[in-house]
1. Kindly establish whether A:S93 is small (G, A, S), away from chain B (no Cβ under 14 Å) and either in contact (Cβ under 8 Å) with a residue 12 or more places away in the chain or surrounded by fewer than 16 Cβ atoms within 10 Å (Cβ to Cβ) (or both).
2. Report, ordered by the first and then the second residue, all pairs with beta carbons closer than 6 Å, sequence separation of six or more or different chains, a first member in segment A:121-144 that is more than 9 Å from chain B (Cβ to nearest Cβ) and more than 14 Å from A:D60 (Cβ to Cβ), and a second member that is among the acidic types (D, E) and surrounded by fewer than 22 Cβ atoms within 10 Å (Cβ to Cβ).
3. How many residues are in a loop (DSSP other than H, G, I, E, B), buried (at least 20 other Cβ atoms within 10 Å of the Cβ), more than 10 Å from chain A (Cβ to nearest Cβ) and free of Cβ contacts under 8 Å to residues at least 60 places away in the same chain when one looks only at segment B:73-126?
4. Can you confirm whether B:D176 is buried (at least 19 other Cβ atoms within 10 Å of the Cβ), facing another protein chain (nearest Cβ under 9 Å), of a type in the set (D, E) and part of a helix (DSSP H, G or I)?
5. Report, by residue number, each residue of segment B:136-154 that is more than 9 Å from chain A (Cβ to nearest Cβ), buried (at least 17 other Cβ atoms within 10 Å of the Cβ) and among the hydrophobic types (A, V, I, L, M, F, W, C).
6. Taking segment A:55-73, which residues are in a loop (DSSP other than H, G, I, E, B), of a type outside the set (K, R), farther than 25 Å from A:Q174 by Cβ and more than 11 Å from every other protein chain (Cβ to nearest Cβ)?
7. Assuming A:G76 fulfils every condition listed in (1) at negative phi; (2) among the small types (G, A, S); (3) away from chain B (no Cβ under 14 Å) apart from one, which condition is it?
8. State which residue is modelled with the lowest pLDDT when the search covers only segment B:71-98 and only residues that are on the phi > 0 side of the Ramachandran plot and small (G, A, S).
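The values are calculated or read from the model by the stated rules, or taken from the named source; none is laboratory data. From a predicted model like this one, the values you see are computed outputs, not experimental measurements. As a convention, Cβ positions derive from the backbone with ideal geometry for all residues, glycine included, and neighbour counts pool all protein chains shown.
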Amino acid sequence: MKLVVALLSSVGLAIASADGGGRIEGTVKATGLPSSADAVVYVQQVPGKFPAPAKPAEMDQRSMQFIPHVLPIVVGTTVRFLNSDPTQHNVFSPDHEKYNLGTWPQGQTKDHVFGTCAKAPCTYVQLCRIHPEMEAYIVVLQNPFFAVTTSDGKYKIDNVPPGAYSLGVWHPKQKAQPKPVTVDASKPAAVDFVLAK
Amino acid sequence: MVLVVSGVLVVLSASTMPGAAQKREGAAEVTPVTGPSTIRHLGKTIETSSMGWAGQWSPPPGLVTSPAPPPAAQGTLALAGADLYRISCRACHKPDGAGAPPEINSIIGPIQAASVQWMTDRMKAMGRPADRAFIQQLTSGTEADLQKRLRQGGHNMPSFDHLSDAEITVLRPYLDQMAGLPGAAGRQRHITEPTARVGELIVKGTCHVCHDATGPESPPTTALSGVIPPLSSMPHQKTFADFVRKVREGTPIPAGTSGVWSRGRMPVFNYLSEQEAAAAYSYLSLYPPR
């Protein structure tokens, strides 16, 4: 959540100051998978508009893999795709408005703006047309109150404006229903999920 | 010129002699191998690289296979796409195309990704069907990248610009077959080549990965010291029969000052036929490396 903290403190958003918000934390358990990483836990709707961060989010292509495997962003965010491999890579997605960013060599980047999302979450699978084994996901969300789970399934979302919300979870392979959550600045709200196919 | 090796008659017609090489329809001009080896060019050593290592360490003699020679007119050899792959690509990309990542990329993924049908099926299987125009935009780009990489080379891959369009047309469907693309088996073709051209393809596509074209000639006693003899030394350091045996089976030689017998560090290319090894020797004799 460093990104969120940096965003909120740098643009000075009135709606959620760094010390006025609350925390949501918990564990997501992926059923039958060796790791519970790569689940995106996110507050579905928060009143207000959330500007995209000035600094692009980054997705690397390294050792024939997209890194990170799952990248949540606020709508309007620019994603900078870097090629770190000594071979050409491409990025395309068949989802929503679909795009094909072409190919570029090692050390070079290409930017793409995820400017619209009618109904969050909008997921875009990221593929390389040259290396079909490569796959990643960009998850476009309405607000910056999200986190990606670590391999033990833990997540933590800080600085959430106090209020009652619906907390969603998205995973590349498994699903779970959203859960209600009430955020209070005085103590963390605990929400756990169990994912299944 | 007529050369006899282990009962294999190799006839080199005048049209394949140096100076007489002419561009004919369907036949590429034969040129000498030149310059440093691929691994030298990349600043690698055979100890640190997988390049050129699809050949095996000396197998038991009984396992040395002799592929059936393809039918062809005298002085020529018929090459299928599988043969072109074997003599041009296999030394690095291995028999199944998997290569040795990350140094040598697999060819399978990019070949699959250049197929409209494969990409269409894949998108469907992912639950993300895409329209044909979008798929074609992707696959045609990948095909162009493949052709460019073959001709110009890449990070570690040398240029294979010496392959003619006709040869690439024969090789390409075999790559589809290796990648398991449906219908590829029915699209296999072959090409009839002068033996000197076959020798050229073997030398440029396999031997030159590790052996420089020219360089100081080294006596066999240096075989264990890390010196890889240049291709230019082959015709006068080895007899025709010794060369063919060395390539296909490995030959122990007295190495070092102690006179210990060693077969050296060269892998055994038992997947080359006797005729092919002979063609490589003839090519090196007739088109001296520069």
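1. no
2. Here the result reads A:Y124/A:D95, each pair linking segment A:121-144 to a residue that is among the acidic types (D, E) and surrounded by fewer than 22 Cβ atoms within 10 Å (Cβ to Cβ).
3. Number of matching residues: 1.
4. Judged against the criteria, B:D176 is not a match.
5. Once the filter is applied, which keeps residues that are more than 9 Å from chain A (Cβ to nearest Cβ), buried (at least 17 other Cβ atoms within 10 Å of the Cβ) and among the hydrophobic types (A, V, I, L, M, F, W, C), segment B:136-154 yields only B:L150.
6. A:P56
7. Single failed check for A:G76: (1).
8. Checking each candidate, the answer is B:G75.
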